[in-house]
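The values are calculated or read from the model by the stated rules, or taken from the named source; none is laboratory data. Predicted model, so just to flag it, every value in this text is computed and none were measured. Cβ placement follows ideal geometry from the backbone for every residue including glycine, while neighbour counts extend to all protein chains displayed. The protein model used for the area step is the full one, side chains on, heavy atoms only, and it has no ligands, DNA or RNA in it. Shrake-Rupley method; radii C 1.70, N 1.55, O 1.52, S 1.80 Å.
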Amino acid sequence: MRPRSPFGRLIDALSSLELAIACLALLMILVVVCTLAQVQLGTHLAVERYIRASLVWWSPEGSAWRVPVFPGGGLVGGILLLNLIFAQFRRLEWSWRKGGMWIVHIGLALLFIGEFATSFLQVESMMAIEEGQTRGYSEDTRRMEVAVADETDAAFDDVRAVPDSLLKSRREIVHPGLPFKLIVRDYHDNAALTMRVPSDAPSVVTAGVGGNITVRPLHPVTSDDEQNTAAAIVEPVLKDGSSLGVYLLSNGLGAPQGFTHEGRRWTMSLRARRYQHPFSLTLKDFRHDLYPGTDIPKNFSSLVRLVDPLAGDDRDVLIYMNSPLRHGGLTFYQASFGKDDTLSVLQVVNNPSWTLPYLSCLLVSLGLLWHFGAMLRKTVGSKPA
């Protein structure tokens, strides 16, 4: 018997049932570990570190070293997808009798592809809106941005936003719409802001309220119910090198920092990243229903008015648990509430691949019906009359 080539042995290994079982076992372990880790890391960070990462890393306490200790969900899922594809073409025969299994395998492949697409494409944000208030944007509280606004026109603010990815690089930021550049002196994902005391070191801030505040870096928080207080020290500089002052910006400050240049009023603020939408929602009523005689929640619902001039849409929509609003490629879920039931918090999800899991489940169901129907027909047909 002619020995298998190294490439052939590799294909055999990738299409083996043993590899599929091993990958499924690893995914089960990752799901359990990720669930336990959510207590300390929060849902988002735990999923990122265990389910969507290629490797699970461990860092010794007090060290910057990172050691890979376990395959992540991204790597295991990718190998399982390859195993599914190779097994389908190597072990399944091309016949109507096996047509159901072909459909099942295609559905499972779509399920994995959908998860990879979601990890790369999905964007989540929140829209906090009070009764009677109108919002045309949502915010991502896990990411920050510096908003530079020209507020000279009383009827309109001309705003440019700089993402935190550029702030963390601590480099000069040049925006074509600004008559000055921004020099990032320092940036912290989380910090404690306290009033300065005589024993504090001299401040580098020369303008705004930041000169009276001390910034102490903190480890970023990860819990779902906590939010970082980011801080940036930014210096707007003109093209001739003249400085307009050094400012402290933070989402923990109550107001933006401002200055005047060539007769125009400019403000700068560090805020949660905003996603502008071509439509608006107005909260008309929020309801927090309880079971009679108890404090147990029965239902949360938000009655909103949707106004979309481009689509010619103007209607009332009721958003409640398991009944989201889908509009403009976005999905709005009822997530939380506050301010004595006058504030509604909607989770806003932009996921272009949201239909893939539904299509996958449909294909798997059809494939199983086909397969077991064919087996039943064969069994019934083989019985003696």
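Points worth noting:
- Value of relative contact order over the chain, rounded to a whole percent, pairs C-alpha under 8 Å and six or more apart: 18
- Rg ratio for segment 309-366: its Cα radius of gyration over 2.2 N^0.38 Å, N being its residue count, equals 1.47.
- Longest exposed-site-free window of the chain, the sites being GluC sites (Glu not before Pro) in a DSSP loop that have at most 10 other C-beta atoms within 10 Å: 94-261
- For segment 44-107, the fraction of C-alpha pairs more than 19 angstrom apart is 52%.
- Radius ratio Rg over Rh of the chain, counting only Cα atoms, Kirkwood formula for Rh: 1.08
- Segment 93-145-segment 307-385 distance, computed between alpha-carbon centres (Å): 11
- Gain in span if fully extended, C361 to T43, counting 0.36 nm per residue against the direct Cα distance: 112.0 nm
- The calculated P(r) of segment 105-190, using every Cα pair and 10 Å bins from 0, goes 13, 28, 30, 19, 9, 2, 0 in percent.
- Sequence of H277, H44 from largest to smallest accessible area, 1.4 Å probe: H44, H277
- Dmax and Rg, reported as Rg then Dmax, of segment 143-219 (C-alpha, Å): 14.9, 45
- Taking only the C-alpha atoms of segment 247-359, the Rg (one decimal) and the largest Cα-Cα distance, Dmax (whole number), read 19.0, 64 Å.
- For segment 141-186, fraction of C-alpha pairs farther apart than 13 Å, in %: 60
- Across segment 210-215, rounded Karplus estimates of 3J(HN,Hα) from the backbone phi angles (6.51 cos²θ - 1.76 cosθ + 1.60, θ = phi - 60°) give x, x, 9, 10, 9, 9 Hz, Gly and Pro being marked x.
- Normalising the average separation of contacting C-alpha pairs (under 8 angstrom, six or more residues apart) by the number of residues puts the relative contact order of segment 239-385 at 11 percent.
- Residues with amide H under 5 Å from that of M144, placed H, sequence gap 5 or more: D164, R273
- Rounded accessible area of T43 (nearest 10 Å², 1.4 Å probe): 60
- q = 0.11, 0.17, 0.22 Å⁻¹, segment 59-161: log10 I(q)/I(0) [Debye, one scatterer per Cα]: -0.72, -0.97, -1.20
- Placed amide H near M321: partners under 5 Å, 5+ positions off or other chain: F300
- Mean ellipticity per residue at 222 nm, deg cm²/dmol - from DSSP H runs of n ≥ 4 across the chain, formula -39500 (n - 2.57): -9500 deg cm²/dmol
- Computed accessible area, C34, all protein chains, 1.4 angstrom probe, square angstrom: 10
- Amide proton proximity set for I213, modelled H, under 5 Å, gap of 5+: R196
- Relative contact order [Cα under 8 Å, 6+ residues apart], segment 112-249, whole percent: 19
- Carbon plus sulfur fraction of accessible area for the chain, probe 1.4 Å, in percent: 60
- Distance in nm between pseudo-label sites at K168 and K181 (7 Å out along the Cβ direction from Cα): 2.3
- The Rg/Rh ratio for segment 167-255, using Cα coordinates for both the radius of gyration and the Kirkwood hydrodynamic radius, is 1.01.
- Set the Cα radius of gyration of segment 1-46 against 2.2 N^0.38 Å, with N its number of residues, and you get 1.88.
- Given in Å, the Rg to one decimal and the Dmax to the nearest whole number for the Cα atoms of segment 1-110 are 18.0, 61.
- Residues of segment 202-231 with amide N under 17 Å of the 7 Å Cα→Cβ point at H288: 225
- Remark: segment 233-376 carries 55 Å² of accessible area per residue (probe radius 1.4 Å; ligands, DNA and RNA excluded).
- Segment 85-142: chymotrypsin sites (Phe, Trp or Tyr not before Pro) in DSSP loop, at most 11 other beta carbons within 10 Å: W94
- Sequence of Y358, Y291, Y333 from largest to smallest accessible area, 1.4 Å probe: Y358, Y291, Y333
- Sorting D158, D308 by solvent-accessible area of protein heavy atoms yields D158, D308, largest first, with a 1.4 Å probe.
- Of all complete DSSP H helices in the chain, those with a Cα span along the helix axis of 18 Å or greater and a mean Kyte-Doolittle hydropathy of 0.0 or more are 17-41, 73-91, 99-121, 355-382.
- Measuring r between the beta carbons of F279 and R196 and using R0 = 30 Å, the FRET efficiency lands at 0.10.
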